[in-house]
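Here's the structure we're looking at; comments come further down.
The values are calculated or read from the model by the stated rules, or taken from the named source; none is laboratory data. Only a predicted model underlies this, so the values are computations on that prediction, with no experimental measurement involved. With ideal geometry, Cβ positions are generated from the backbone for all residues, glycine too; neighbour counts draw on all protein chains shown. With ligands, DNA and RNA removed, areas are computed over all heavy atoms of the protein, side chains included. Shrake-Rupley method; radii C 1.70, N 1.55, O 1.52, S 1.80 Å.
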Amino acid sequence: ASNRVGYFYIIHVLLGLYAISLGQFAASWTPNDIVASMINPIFTTMATLFAGAFIPYASLPLWWRRWMYHISPFRYPMEGIIANDLHDFPIRCRPKEFYIFEPPAGSTCGQYAGSWISGASGYIENMDASSSCRYFQYKVGDEYTQTLDWDFVHRWRNFLIFLGFTFFDIGIIILMN
């Protein structure tokens with residue numbers, strides 16, 4: 001949809017502006033460009049690691065989860081872009097990615113697991129088969145983003161928070177010069 005392409009474009013442009021403001025932010029309070037160039041990668045590495053894409057929120061140590069996850073500026077564009085792109089996106093996996101299980105003798109995959117799969121995430125590819133039932137844990141991209149505690153409905157909230165991070169950096173740059 002055009003609104004989703006527009007959202008991606010706006011976040012992409014804002015990410016570029018934030019990257020510039022982050023470098024200038026570091027340069028505004030350090031004594032010289034060499035120190036700024038040494039500090040900036042430390043900050044961006046920490047912020048990227050705790051953004052929730054590489055280490056999901058549930059897997060973060062409790063101490064980091066309570067504060068670093070929420071103040072990581074990269075969390076917000078990552079959640080926004082990934083949730084935007086995967087929203088309602090149908091997932092079809094390759095044959096080697098399925099979990100194979102066997103139904104009881106005399107029943108089909110649908111008879112054995114039909115009531116369970118209606119309330120679970122994912123899909124069974126061969127509901128009429130009587131052996132080698134093929135299950136995959138995600139049916140649509142939203143089921144994956146939910147495992148990261150991310151949601152499509154947060155994308156404009158994420159945009160505004162990320163915009164706030166950008167304006168914060170610009171404000172510090174102005175105050176320090």
Only one of Ile100, Ile124 is more than 27 Å from Leu163 (Cα to Cα), in contact with a strand residue (DSSP E or B) (Cβ under 8 Å, 6 or more places away or on another chain) and buried (at least 16 other Cβ atoms within 10 Å of the Cβ). Can you tell me which?
Ile124
Failed condition for Asp33, given (1) open to solvent by 70 Å² or more (accessible area, probe 1.4 Å); (2) within 27 Å of Ile82 (Cβ to Cβ), with all others met?
(2)
Segment 117-153, residues that are part of a strand (DSSP E or B) and either among the small types (Gly, Ala, Ser) or more than 28 Å from Phe50 (Cβ to Cβ) (or both)
Tyr123, Ile124, Cys133, Arg134, Tyr135, Phe136
I'd like to know if segment 41-53 contains one or more residues that are more than 22 Å from Tyr18 (Cβ to Cβ), in a loop (DSSP other than H, G, I, E, B) and modelled with pLDDT under 95.
no
Tyr7 vs (1) closer than 22 Å to Gln146 by Cβ; (2) aromatic (Phe, Trp, Tyr); (3) open to solvent by 60 Å² or more (accessible area, probe 1.4 Å); (4) at pLDDT 95 or above: all pass except (3)
Within segment 83-97, the residues that are open to solvent by 40 Å² or more (accessible area, probe 1.4 Å) and not in a loop (DSSP other than H, G, I, E, B) are Asp85, Leu86, Pro90, Pro95, Lys96, Glu97
